[in-house]
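Heads up: the structure comes next, in structure tokens.
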Amino acid sequence: MRALIQRVSQASVIINGVDEGRAIRVGLLVLLGIGEDDNQSDAEWLAGKIASLRIFSDEVGLMNLDVKQVNGSLLVVSQFTLHALTKKGNRPSFIKAAKPDQAIPLYDHFINSLKLESKCDVLTGEFGADMKIHLVNDGPVTIWIDTQNKE
């Protein structure tokens, strides 16, 4: 699994042109790409890592607090394009991205794991839908995590 995590002061998603009020204030926007080699243990590890990331400022301005400690929320949006292969040519290939029959259950498992790990509100986009994301990246702080390269 690949996640692009952005610390935000606000974020929202509009799904298929409809604003359903899926919005957060302070928290994390998580763009999640699920690969063909990913499994439930990847989802659980990633959820734990994201819930514990100390990327929010403490009282002296150091990134020392996690999303729970700032009473934040999370917005998770599926994004298969995080698995783009760009080595050959100019048109990305997405053959390493998991197909929906594999990806949807892992996406759901990740969301449930994130709720358990973070104890925060977790809102989502809609898997496979056309989505427009609006965000204010706070910092900016943007973190990339790939479960196939646990650094």
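The values are calculated or read from the model by the stated rules, or taken from the named source; none is laboratory data. Small disclaimer: the values here were computed from a predicted structure and weren't measured. Here Cβ is always computed from backbone atoms with ideal geometry, including for glycine, and neighbour counts include all displayed protein chains. For accessibility, only protein heavy atoms count, side chains too; no ligands or nucleic acids. Shrake-Rupley method; radii C 1.70, N 1.55, O 1.52, S 1.80 Å.
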How many residues, within the stretch 39-67, are among the charged types (D, E, K, R), surrounded by 13 or more Cβ atoms within 10 Å (Cβ to Cβ) and either touching a helix residue (DSSP H, G or I) at 6+ places or on another chain (Cβ under 6 Å) or without any contact (Cβ under 8 Å) to a residue 12 or more places away in the chain (or both)? 2
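Does Asn149 satisfy the criteria of being without any contact (Cβ under 8 Å) to a residue 24 or more places away in the chain and surrounded by 13 or more Cβ atoms within 10 Å (Cβ to Cβ)?
Working: without any contact (Cβ under 8 Å) to a residue 24 or more places away in the chain: yes; surrounded by 13 or more Cβ atoms within 10 Å (Cβ to Cβ): no.
Taking the combined requirement at face value, the residue does not satisfy it.
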Hey, does the stretch 105-128 have a residue that's aliphatic (A, V, I, L, M), over 25 Å from Val70 (Cβ atoms), assigned to a strand (DSSP E or B) and open to solvent by less than 60 Å² (accessible area, probe 1.4 Å)? no
Hey, among the residues in the stretch 1-25 that are open to solvent by less than 40 Å² (accessible area, probe 1.4 Å) and not aliphatic (A, V, I, L, M), which one's nearest to the chain's Cα centre (by Cα)? Gln6
Going through the stretch 28-81 in order, the residues found to be more than 15 Å from Arg7 (Cα to Cα) and among the acidic types (Asp, Glu) are Glu36, Asp37, Asp38, Asp42, Glu44, Glu59
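From the list Leu82, Leu74, Leu28, which one is over 19 Å from Leu116 (Cα atoms), in contact with a Gly (Cβ under 7 Å, 6 or more places away or on another chain) and open to solvent by less than 40 Å² (accessible area, probe 1.4 Å)?
Values: Leu74 fails: over 19 Å from Leu116 (Cα atoms); Leu28 fails: over 19 Å from Leu116 (Cα atoms).
Every option except Leu82 fails the conditions.
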Looking only at the stretch 87-99, decide whether some residue is touching a strand residue (DSSP E or B) at 6+ places or on another chain (Cβ under 6 Å), of a type outside the set (Gly, Ala, Ser) and assigned to a loop (DSSP other than H, G, I, E, B). yes
Please go through the stretch 16-38 and give me each residue that is closer than 23 Å to Gly139 by Cβ, in contact (Cβ under 8 Å) with a residue 60 or more places away in the chain and in a loop (DSSP other than H, G, I, E, B), ordered by number. Val26
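So is Lys115 under 14 Å from the mean Cα position of the chain (by Cα), within 16 Å of Leu75 (Cα to Cα) and among the charged types (D, E, K, R) or not? Quick ask: steps written out before the conclusion?
Working: under 14 Å from the mean Cα position of the chain (by Cα): yes; within 16 Å of Leu75 (Cα to Cα): yes; among the charged types (D, E, K, R): yes.
Yes, satisfied.
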Quick one: Lys87 ticks every box in (1) touching a helix residue (DSSP H, G or I) at 6+ places or on another chain (Cβ under 8 Å); (2) without any contact (Cβ under 8 Å) to a residue 40 or more places away in the chain bar one, so which box is it? (1)
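Sort out which residues of the stretch 129-141 are open to solvent by less than 70 Å² (accessible area, probe 1.4 Å) and in a strand (DSSP E or B), and write them in order of number. Write out each step before concluding.
Pass one, the stretch 129-141, residues open to solvent by less than 70 Å² (accessible area, probe 1.4 Å): 129, 131, 133, 135-139, 141.
Passing the criteria: Met131, Ile133, Leu135, Val136, Asn137, Asp138, Gly139, Val141.
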